[in-house]
Amino acid sequence: MKGYIYTMYAGADPAHDWTLNDPIFGGSPTLGACVPHIRRAVNVGDHIFVISGHIPGVRQFLVGGFEVAEKISALTAYKRFPENRLKKGGEQVLGNIIVNSRGDHHPLDEHENFERRIENYIVGRDPVVLTTPQQFKAAREETMEMLSDVFGKKGKKPFEVIGRHRKMDERQIEQVRDWLKSLSE
């Protein structure tokens with residue numbers, strides 16, 4: 001078992017009016033278009049964790065994670081998860097399925113490398129995710145200390161400890177899941 005932890009793009013912070021759209025946590029958490037290198041590298045039973053994106057003057061925090069249950073194509077995801085299809089939600093594009101019903105590139109997805117991003121849609125299980133303002137506040141206060149303990153490296157922001165992303169071993173996965181569970185209870 002291995003895992004990966006990564007930082008979402010700038011502004012992706014659920015405590016600042018951002019709806020998490022990739023990954024999407026819920027009954028069956030999913031990761032559909034972002035971090036194709038991580039989606040390619042993980043196998044069933046591995047884990048994926050996400051840290052909020054950078055906002056100037058705001059501390060980032062570990063938002064949540066899940067275990068990989070299966071890897072499917074974006075077209076299969078389109079059929080199975082209609083609620084995760086791309087759509088406009090105010091100023092934000094919501095959803096993480098970047099294909100239309102024919103498997104073509106959805107016009108709301110503005111990223112490049114479409115062909116490399118449609119495989120390995122991740123369906124997860126056993127999510128642990130922070131959802132309340134109290135949990136966000138506690139996580140903002142504790143994330144850097146937890147990351148430093150888990151990875152044995154000091155830093156003032158997540159990038160200084162994990163870079164954009166970092167691979168994890170079984171011990172690190174258990175530490176992070178235990179920490180998330182302690183905040184989400």
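The values are calculated or read from the model by the stated rules, or taken from the named source; none is laboratory data. Note that the coordinates shown come from a computational prediction; the quantities given were computed from them, not determined experimentally. Methodologically, a virtual Cβ is constructed for each residue, glycine included, from the backbone with ideal geometry; neighbour enumeration extends over all protein chains shown.
Looking at region 105-156 only, could you name the residues that are part of a loop (DSSP other than H, G, I, E, B) and farther than 26 Å from Gly32 by Cα? Give the derivation first.
The initial filter retains those residues of region 105-156 that are part of a loop (DSSP other than H, G, I, E, B), namely 106-113, 118-120, 130-132, 152-156.
Answer for region 105-156, where residues must be part of a loop (DSSP other than H, G, I, E, B) and farther than 26 Å from Gly32 by Cα: Gly152, Lys153, Lys154, Gly155, Lys156.
With the requirement that a residue be in a loop (DSSP other than H, G, I, E, B), more than 9 Å from the chain's Cα centre (by Cα) and either touching a residue at least 12 places away in the same chain (Cβ under 8 Å) or crowded, with 19+ Cβ neighbours inside 10 Å (or both), what does region 1-20 give you?
If we filter region 1-20 for residues that are in a loop (DSSP other than H, G, I, E, B), which is where we start, we get 1-2, 8-20.
Okay, now just the ones that are also more than 9 Å from the chain's Cα centre (by Cα), so 1-2, 9-19.
Residues satisfying the conditions are Met1, Lys2, Tyr9, Ala10, Gly11, Ala12, Asp13, Pro14, Ala15, His16, Trp18, Thr19.
Sort out which residues of region 81-104 are in contact (Cβ under 8 Å) with a residue 24 or more places away in the chain and farther than 17 Å from Pro36 by Cα, and write them in order of number.
At the first step, the residues of region 81-104 found to be in contact (Cβ under 8 Å) with a residue 24 or more places away in the chain are 81, 84, 89, 92-99, 103.
Within region 81-104, Phe81, Asn84, Gly89, Gln92, Val93, Leu94, Gly103 qualify.
Going through region 141-178 one residue at a time, which ones are more than 15 Å from Ile51 (Cα to Cα), free of Cβ contacts under 8 Å to residues at least 60 places away in the same chain and among the acidic types (Asp, Glu)? Once the filter is applied, which keeps residues that are more than 15 Å from Ile51 (Cα to Cα), free of Cβ contacts under 8 Å to residues at least 60 places away in the same chain and among the acidic types (Asp, Glu), region 141-178 yields Asp149, Glu174, Asp178.
Residues are listed down the side, and each one gets a yes or a no for (1) surrounded by fewer than 20 Cβ atoms within 10 Å (Cβ to Cβ); (2) among the charged types (D, E, K, R); (3) closer than 22 Å to Arg177 by Cα:
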site: Val44; (1), (2), (3): yes, no, yes
site: Phe49; (1), (2), (3): no, no, yes
site: Arg59; (1), (2), (3): yes, yes, yes
site: Ile118; (1), (2), (3): no, no, no
site: Arg125; (1), (2), (3): yes, yes, yes
site: Val128; (1), (2), (3): no, no, yes
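Out of the residues in region 41-59 that are of a type outside the set (Gly, Ala, Ser) and touching a helix residue (DSSP H, G or I) at 6+ places or on another chain (Cβ under 9 Å), which is farthest from His16 (Cα to Cα)?
Across region 41-59, the extreme among qualifying residues is Asp46.
Filtering region 49-63 for residues that are of a type in the set (Ser, Thr, Tyr) and over 14 Å from the mean Cα position of the chain (by Cα) leaves an empty set.
For first residues located in region 107-130 and over 18 Å from Val68 (Cβ atoms) and modelled with pLDDT of 95 or more, partners that are in a loop (DSSP other than H, G, I, E, B) and among the hydrophobic types (A, V, I, L, M, F, W, C) and lie 6+ apart or on another chain with Cβ distances below 8 Å form the pairs Leu130/Phe61.
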